[in-house]
Amino acid sequence: MIRRIDLRGTTGPVDYRDVVPRADFDVEAAVPAVHAICEAVRTRGVDAIKEYARQFDGVELDELRVPAGATTEALVRLDPAIRAALEESVRRLRATCEAELEKDAVTDLGPGARVTHRKVPIRRVGLYVPGGLAPLVSSVLMNVVPAQVAGVESIALASPPQKDHGGEVHPTILAACALLGVDEVYAVGGAQAIAMFAYGTGPCERVDLVTGPGNIYTVTAKRLLKGLVGIDSEAGPTEIAILADDTADASYVAADLVSQAEHDPLAGAVLVTPSERLAADVEAELDKQVFATKHTDRIRTALTGAQSGVVLVDDLEQGLEVVNAYAAEHLEIQTEDAASWAARVRNAGAIFVGPHAPVSLGDYCAGSNHVLPTGGCACHSSGLSVRAFTKSVHVVDYSRDALAEVADHVVTLAEAEDLPGHGAAVRARFGG
């Protein structure tokens, strides 16, 4: 079901990024269609969004904004067990977010010379929650909680209208919004939702930042509108890599590969191991587990796709090189002394250590955030956190004496750059 890639005996310099499987996620190919959607929303506003709701979601929208009271009603009707699970997830995530809060950093460089590195929350954000193959209620929590902890003043949330729910946002998503106190919710999906946030369309005031995962059209809209509005990342299809040795339980490894393949036919599932026995056992487990689960076709498509595979390596040292090059969204370490190997990982969106920390835990209740960099972007980018909802401002406070102490240096450097006006602005304060 899942192909093998044998890197054993590899000699010479190798860029493992070129040989490890990855989903084909061509944002550039989607640009013309998404550009047209964004332009339609910019020029025709609400009418364009309603047309796209008919075309893409099969629903007739009366209003973009979810009516007042609909979120509260959804929470009242929510299964108590789901509510309890959401509340526990929120509690854990809020605790880790509060621990991430950064204080202002004040540096005194001399008498009367102070620079403060101030953390300021973004004023207004637009949060996107997918609702295509699955109603990702957990994404409500992962976006809203860090924004709230950061001190964001105004939060709007958009999720696709659901044909099966009368054109409304999925009721579990609405209930999560009520649980978190978010009452500005829009039944708008895809690229048109990102454009609505960026341009400020109809009842939705323009936002300063857009966050949240989505399909290729949502991601492309983020790319096109970046600059007009801030974005968190261009997140593509989900992916899991597992670094494992002979000590790993093949049934656990297979179950974790299946869990991510369940998201999307383009989801990537990669096992990196020096153990041919484990590889064979995992393949046998996949043959059993895939056909015993609900979304067999979707999972089989993902596991048999070019983005998935079992990568055989000489040893865990080579395996570590491979997973660092792959820079997975989710990386599990199921080896002997897993914590030591995890400590040496440089590139991953999130690292799950040992046999009892599956990615599913991180998706819901670990206290970590599951909005993470994909497509190898973990080599330079981080997952969603409180920091994503703040910006840094340097506050410079100098007295006359403090300025006098460095005035000659400022003038010298200004003249070195042939910018005499810069030096003159300093001299003017001393009668020069």
Looking at region 293-312, is at least one residue under 17 Å from A250 (Cβ atoms) and modelled with pLDDT under 95?
-> yes
Restricting attention to region 56-86, and to residues there that are exposed (fewer than 12 other Cβ atoms within 10 Å of the Cβ) and at pLDDT 95 or above, which single residue is farthest from K163 (Cα to Cα)?
-> A84
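Among the residues of region 251-272, write down those that are of a type in the set (A, V, I, L, M) and without any contact (Cβ under 8 Å) to a residue 40 or more places away in the chain.
Step one: filter region 251-272 for residues of a type in the set (A, V, I, L, M), giving 253-255, 257-258, 261, 266-267, 269-272.
Scanning region 251-272 gives a single hit, A254.
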Residues of region 136-177 satisfying the condition of being over 30 Å from S392 (Cα atoms), buried (at least 22 other Cβ atoms within 10 Å of the Cβ) and touching a His at 6+ places or on another chain (Cβ under 6 Å) = none
Pick from D245, D232: which is more than 19 Å from V322 (Cβ to Cβ) and either in the same structural domain as H370 (by TED's automatic domain parsing) or in contact with a helix residue (DSSP H, G or I) (Cβ under 8 Å, 6 or more places away or on another chain) (or both)?
-> D232
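Does any residue of region 390-403 turn out to be without any contact (Cβ under 8 Å) to a residue 12 or more places away in the chain and within 30 Å of R91 (Cα to Cα)?
Going residue by residue through region 390-403, those that are without any contact (Cβ under 8 Å) to a residue 12 or more places away in the chain are none.
Checked region 390-403: no residue is without any contact (Cβ under 8 Å) to a residue 12 or more places away in the chain and within 30 Å of R91 (Cα to Cα).
Among the residues of region 260-278, how many are more than 30 Å from the chain's Cα centre (by Cα) and part of a helix (DSSP H, G or I)? Working first, answer last.
Residues of region 260-278 that are more than 30 Å from the chain's Cα centre (by Cα), as a first pass: 274-278.
Filter once more, keeping what is part of a helix (DSSP H, G or I): 276-278.
Going through region 260-278 one residue at a time, the tally reaches 3.
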Can you name the strands (runs of 3 or more DSSP E) wholly within region 287-384 that have at least 2 residues being out of contact with any Gly (no Cβ under 9 Å at 6 or more places or on another chain) and either buried (at least 19 other Cβ atoms within 10 Å of the Cβ) or not polar (S, T, N, Q) (or both)?
-> 309-312, 350-353
Starting from region 313-330, keep only residues that are at positive phi, then list their pairs with residues that are at pLDDT below 95 and surrounded by 24 or more Cβ atoms within 10 Å (Cβ to Cβ) whose Cβ atoms are within a distance under 6 Å, requiring at least 6 positions of separation or different chains.
-> A327/A378
Criterion violated by K103 - all others in (1) in contact (Cβ under 8 Å) with a residue 24 or more places away in the chain; (2) surrounded by fewer than 21 Cβ atoms within 10 Å (Cβ to Cβ) satisfied | (1)
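Might you check whether a residue that is surrounded by fewer than 17 Cβ atoms within 10 Å (Cβ to Cβ) and among the hydroxyl-bearing types (S, T, Y) occurs anywhere in region 111-120? Walk me through how you get there before you give the answer.
Just the residues of region 111-120 that are surrounded by fewer than 17 Cβ atoms within 10 Å (Cβ to Cβ), to begin with: 111-112, 114-118, 120.
From what's left, among the hydroxyl-bearing types (S, T, Y): 116.
Yes, some residue in region 111-120 is surrounded by fewer than 17 Cβ atoms within 10 Å (Cβ to Cβ) and among the hydroxyl-bearing types (S, T, Y).
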How many of the residues in region 80-100 are touching a residue at least 12 places away in the same chain (Cβ under 8 Å) and among the aliphatic types (A, V, I, L, M)?
-> 6
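The values are calculated or read from the model by the stated rules, or taken from the named source; none is laboratory data. A quick note: this is a predicted structure, and the numbers were derived from the prediction, not measured. No Cβ is skipped: glycine too gets one built from the backbone with ideal geometry, and neighbour counts run over all protein chains shown.
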